[in-house]
Structure formats: C-alpha cells, structure tokens
1. Just to be sure, is residue 52 touching a Cys at 6+ places or on another chain (Cβ under 6 Å), crowded, with 17+ Cβ neighbours inside 10 Å and either among the charged types (D, E, K, R) or within 16 Å of residue 159 (Cα to Cα) (or both)?
2. When you go through (1) closer than 21 Å to residue 50 by Cα; (2) part of a loop (DSSP other than H, G, I, E, B) one by one for residue 255, which number turns out not to apply?
3. May I ask you to list the residues in region 346-367 that are open to solvent by less than 60 Å² (accessible area, probe 1.4 Å) and part of a loop (DSSP other than H, G, I, E, B)?
4. Select from region 404-421 the residues that are within 20 Å of residue 291 (Cβ to Cβ) and of a type outside the set (Phe, Trp, Tyr) and write down the one among them that is most open to solvent (accessible area, probe 1.4 Å).
5. Filter region 75-90 down to residues that are over 13 Å from the mean Cα position of the chain (by Cα) and among the hydrophobic types (A, V, I, L, M, F, W, C) and give me whichever is surrounded by the most Cβ atoms within 10 Å (Cβ to Cβ).
6. Checking the structure you have, find out if any residue of region 52-68 is part of a strand (DSSP E or B) and not polar (S, T, N, Q).
7. Restricting attention to region 189-201, does a residue exist that is within 24 Å of residue 308 (Cα to Cα), open to solvent by less than 70 Å² (accessible area, probe 1.4 Å) and of a type in the set (Lys, Arg)?
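The values are calculated or read from the model by the stated rules, or taken from the named source; none is laboratory data. Computed from a predicted structure; not experimentally measured. When we count neighbours, we look across all protein chains shown, and the Cβ atoms used for this are built from the backbone with ideal geometry, even at glycine. SASA here: full protein model, heavy atoms, side chains in, ligands and nucleic acids out. Shrake-Rupley method; radii C 1.70, N 1.55, O 1.52, S 1.80 Å.
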Amino acid sequence: MRFDQLQNWLDWQLQLHPTAIDMGLTRVSRVADRLEIGSSAFKHSASTVITVAGTNGKGSCVKTLEALLITSGKTVGSFTSPHIVRYNERIRLNGDQVSDNQLCQAFEDIDQAREGDSLTYFEFSTLAALLIFKQAKVDFILLEVGLGGRLDSTNIIDTDLAIVTSVDIDHCEYLGNDRESIGREKAGIFRPGVPAIIADANMPLSVRAYADDIGAELLCIDDQFRYSAANNRFHWSCLPGASYSEFEVICEQPRLPLPSIAAALMALKVLSVLPTQKQVSGVLANIELTGRLQSVEIDGIEFVLDVAHNPAAAESLAQSIDEHDSRECYAICAMMADKDIDAVIQPLVNKVDHWFLPNLPDNDRSLPSSVLSSKVKSLDETAALQEFDSIVEAMDSVRQQCVHLTDKPVVYVFGSFFTVEAALNYLQIDVQ
C-alpha cells in the first residue's frame with residue numbers, strides 16, 4: 001500500500017494532479033471502468049442511484065433522502081462534499097461515516113487501477129465512494145454533485161432519478177455567468193426516460209429545454225408537488241401522477257431548506273419508497289445537518305452555524321432570521337476572497353445588529369477581516385463591527401459581551417465552510 005495513514009493519502013492526492021479542478025469525465029471514467037464501478041456496472045446492480053445537483057441545498061436534500069430511506073428499512077450509501085471537519089464525512093453507510101481503513105483500502109485500489117491516469121482530489125473521493133458502496137451492496141446510492149453536473153465526476157454513473165435543488169450564480173468561472181448557462185450544466189445529470197425533480201420555483205428555461213431534448217420526465221415544484229410553511233407548520237403534497245398517488249405530509253417545520261426537503265419527499269414518492277406519513281413527520285421533526293442552520297448553545301448563548309457563502313444562500317439565511325428570530329442578532333462572518341462579498345452581505349445588513357469579523361489566518365483564500373469590514377461599512381455606514389485575528393478571538397469576545405446579559409442575542413456564524421469548521425472546533429462539536 002502506498003500509504004497506511006489517511007492524511008498521507010489526502011496530502012498526496014492534493015499534489016497529484018496539475019490543477020485542483022479539472023472538469024471532464026474521460027480520465028475518471030477510464031479508472032472507474034477498470035475498477036468495474038462505471039455506469040455499466042451499476043446498471044446491472046440492485047442499487048438505485050439518486051443524483052442531486054444544485055447551487056444550494058444539495059446536502060440538505062441528501063440528508064433528508066438518507067434519513068427517510070433508513071426509516072424505510074433501506075441500506076444507503078451517501079456521498080457529499082465538501083467535508084467540514086473530517087474527510088470521512090463525505091462517505092457514509094447508513095448514516096455512519098466510513099473508517100480511515102476503508103478509505104485507505106479504497107484509495108489503494110484506485111491507485112492500482114489508474115495505470116498512469118492522473119486524478120483530482122475530488123475524483124479520488126467519488127471513486128472511493130462508488131467502490132465502497134458497490135462492495136456494501138447498498139439498496140440506494142445518493143450522490144451529491146460537487147460542481148455543476150454535466151462534467152462533474154459523479155456524472156459517470158447513469159442515475160435512476162435526478163434532482164436539481166436550486167440554480168443560482170456561483171462558480172461562474174466554470175459554469176457560466178447567468179442562470180441559463182448554469183442551469184444547463186446542472187441539467188447534465190438528467191437521463192432519457194428518467195424522473196428529474198426540480199425544486200427551484202424559478203427554473204431556467206435551459207433546464208426544461210434540455211429535459212425535453214433528451215426525453216427526461218420533468219417533475220417541478222408548484223406543478224407536480226408543492227409545500228407551504230406557516231406558524232411553524234410544514235405542509236407538503238403531491239398530485240397524482242402516472243407512477244404515484246396523491247400524498248401529503250403535515251408536521252413541525254424543519255429548519256433545513258424546505259425546497260430541498262420537498263424535492264426529497266417527491267423523489268421517494270416517485271420511487272415508491274416513501275415511509276408512512278407518521279414516519280415522515282417523525283424524521284422531519286428531528287432532522288438536522290452540520291453547518292446548515294445548526295443550533296449550538298454555550299453559556300446560554302445560541303450560536304447558529306451556517307455555511308452560507310453565496311448570494312442565494314445569504315438570502316435564505318436572511319429569510320430564516322426573519323422567520324425564527326426576534327432577538328438581537330450578532331454575526332460572526334469570515335469569507336473567501338473569490339466570492340461575491342457585497343451580494344452576500346447585502347441581504348443581512350438590516351438583520352445584523354453587531355458584526356464580529358475574524359481572519360482565517362491559515363487559509364490563503366480567505367478575505368482579510370479589514371477588507372470585509374470596509375465592505376460592510378460601504379453597505380451600512382452605521383454598522384457596529386469589530387475585527388479579530390481569528391474565530392477563537394471573535395467567539396471569546398461574543399461570549400464575554402453576552403454572558404451577563406439577561407436578554408441574550410442570537411449569534412449567526414456564516415460565510416464559508418472554513419468559518420463553520422473553525423467554529424465547530426472552538427465549540428468542540430463532533431460532526432456525525
């Protein structure tokens with residue numbers, strides 16, 4: 001074996017390929033075929049594949065699918081990215097992270113099958129997931145697209161059902177500068193005659209055009225299925241279709257993105273594996289996902305951790321604040337320099353009473369807190385803000401300022417996966 005420690009494998013993978021992102025399916029497909037985990041292998045397996053694309057909400061959709069399928073008594077392999085704290089978060093069997101030993105053995109098998117083909121870090125993770133899922137003979141394989149869809153390595157597998165959770169502006173250098181271009185890239189996971197579920201109420205025309213061109217079965221929110229939320233109650237229903245009957249769910253409102261949950265429910269209804277209404281209600285009442293409106297309390301102060309890092313995610317976060325909080329609102333925010341900073345900050349300007357802006361000193365991509373401070377000030381001249389050298393200092397400061405208050409504020413921690421990772425480490429929260 002090339003390495004016997006997981007971290008050594010990961011460090012090596014980061015250096016193996018000339019570029020971190022290299023869109024395309026040719027190299028990864030060749031290696032998958034040698035490992036007998038290419039699309040043809042899964043066509044003849046008993047595993048049902050669900051592929052989930054989208055700008056935001058993919059992880060929440062996969063988490064909902066996973067929880068409902070496990071409740072239905074199915075075995076499930078889930079592949080998501082990126083991880084927040086541990087690489088093992090990316091690959092789960094029946095909700096549990098796979099072990100270091102499983103990953104090391106999968107990487108060794110992939111390395112032996114490369115035969116000179118270079119692979120990216122993400123391509124290694126995709127192949128490892130498929131290899132582990134095939135060996136486990138799971139009933140369902142859930143694949144979260146890493147970037148786009150058409151040229152993402154998860155797309156080497158022909159899906160049995162495709163989901164697009166949302167289409168918004170992000171990763172323009174790879175996917176295009178408008179929603180129509182980005183939508184077409186995400187629709188690349190569709191297959192002829194296969195259900196394609198759309199959770200975006202404002203679906204780009206390019207998505208429908210591609211579905212029509214190839215003959216995918218398009219099922220759209222507000223047409224074939226719908227949801228509503230009011231007074232902390234969630235109501236979901238679908239209209240009867242060719243392969244499914246009418247169904248509805250009424251339960252306590254979950255704090256994950258509701259369109260993603262609605263799409264997951266529709267997917268399992270179409271595949272005839274949706275559990276009973278009572279079971280669905282029980283799952284949705286307790287479902288949570290690390291770093292997605294994740295609530296953690298310390299010193300009587302509620303910290304809400306969210307990986308929101310693009311404009312659409314920031315809009316969703318602002319909406320959640322409106323729906324769930326009337327308390328004074330603090331924000332700990334650190335972002336990557338390559339993001340649309342103004343468009344992320346703008347929706348939150350009138351929601352946040354005090355900004356705590358830390359540096360991420362060990363991250364070369366991060367925006368200096370002084371620059372972020374200037375951005376916030378340019379959008380809100382009266383903003384109360386403080387700058388810090390690290391997340392640790394910012395979190396300490398919030399606790400010191402709030403611990404003796406009778407009416408404590410809620411503290412939102414957002415801006416990137418790295419920001420949430422640092423907060424989780426500070427709070428000593430293990431990722432399940």
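1. Values: touching a Cys at 6+ places or on another chain (Cβ under 6 Å): yes; crowded, with 17+ Cβ neighbours inside 10 Å: yes; either among the charged types (D, E, K, R) or within 16 Å of residue 159 (Cα to Cα) (or both): yes.
Against the criterion (touching a Cys at 6+ places or on another chain (Cβ under 6 Å), crowded, with 17+ Cβ neighbours inside 10 Å and either among the charged types (D, E, K, R) or within 16 Å of residue 159 (Cα to Cα) (or both)), residue 52 qualifies.
2. So the condition that residue 255 fails would be (1).
3. Across region 346-367, the qualifying residues are 349, 351, 352, 359, 360, 363, 367.
4. 421
5. Per the stated criteria, the residue is 76.
6. yes
7. No: region 189-201 contains no residue that is within 24 Å of residue 308 (Cα to Cα), open to solvent by less than 70 Å² (accessible area, probe 1.4 Å) and of a type in the set (Lys, Arg).
Results for (1) within 30 Å of residue 295 (Cα to Cα); (2) at pLDDT below 95; (3) touching a strand residue (DSSP E or B) at 6+ places or on another chain (Cβ under 7 Å); (4) aliphatic (A, V, I, L, M), shown as yes or no for each residue.
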| position | (1), (2), (3), (4) |
| --- | --- |
| 199 | yes, no, yes, yes |
| 233 | yes, yes, yes, no |
| 240 | no, yes, no, no |
| 247 | no, yes, yes, no |
